[in-house]
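Please treat every number below as a calculation from the coordinates, not as lab data. Just so it is clear, the structure is predicted and the values come from calculations on it, not from any experiment. In this analysis, Cβ positions are derived from the backbone assuming ideal geometry, glycine residues included, and neighbour counts consider all displayed protein chains.
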């Protein structure tokens, strides 16, 4: 088996990040209304636009580039792994510390945990491939 499944995952994750990033940049108010948070004033909206929009867009482009052009695939998967670990740990802390165990938060947390598992598995596949082992 080639690393095509890893590349598919990296590109798919990149497309998701790009879609979310563009949505937060160009439809900020609509996206904010779907989140369980309140933003007060234009500076808050700009912050959401920059962090949710700009950061997700940039990460998405990096992941797509790595997957499509097979460049720095290991680094992209490692970055995705760290991103999902950071999201899952932070959201998990929020669930424990803040008691935010609503269905929206829990669904996102499980998606992030799955992202950790899939990214870690992808990194293992890359390492096996780098060592010349035949992948099943």
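How many of the residues in segment 24-56 are within 15 Å of the chain's Cα centre (by Cα) and either buried (at least 16 other Cβ atoms within 10 Å of the Cβ) or without any contact (Cβ under 8 Å) to a residue 24 or more places away in the chain (or both)? Before you say what the answer is, go through the steps one by one.
Here is the first cut: in segment 24-56, the ones within 15 Å of the chain's Cα centre (by Cα) are 24, 51-56.
Now drop any that are not either buried (at least 16 other Cβ atoms within 10 Å of the Cβ) or without any contact (Cβ under 8 Å) to a residue 24 or more places away in the chain (or both), which leaves 24, 51-53, 56.
Residues in segment 24-56 being within 15 Å of the chain's Cα centre (by Cα) and either buried (at least 16 other Cβ atoms within 10 Å of the Cβ) or without any contact (Cβ under 8 Å) to a residue 24 or more places away in the chain (or both): 5 in total.
Just the residues that are surrounded by 14 or more Cβ atoms within 10 Å (Cβ to Cβ), more than 17 Å from residue 12 (Cβ to Cβ) and within 11 Å of the chain's Cα centre (by Cα), please, taken from segment 77-107.
85, 88
Just the residues that are in a loop (DSSP other than H, G, I, E, B) and closer than 15 Å to residue 68 by Cα, please, taken from segment 1-30.
Taking segment 1-30 first, the residues in a loop (DSSP other than H, G, I, E, B) are 1-3, 27.
Within segment 1-30, 2, 3 qualify.
Filter segment 69-99 for residues that are more than 17 Å from residue 120 (Cβ to Cβ) and in contact (Cβ under 8 Å) with a residue 60 or more places away in the chain and give the result.
Taking segment 69-99 as the starting set, the residues that turn out to be more than 17 Å from residue 120 (Cβ to Cβ) are 69-72, 90-91, 93-99.
Correct list: 70 only.
With respect to residue 74, determine if the residue is over 13 Å from the mean Cα position of the chain (by Cα) and closer than 27 Å to residue 64 by Cα.
Spelling it out, residue 74 is indeed over 13 Å from the mean Cα position of the chain (by Cα) and closer than 27 Å to residue 64 by Cα.
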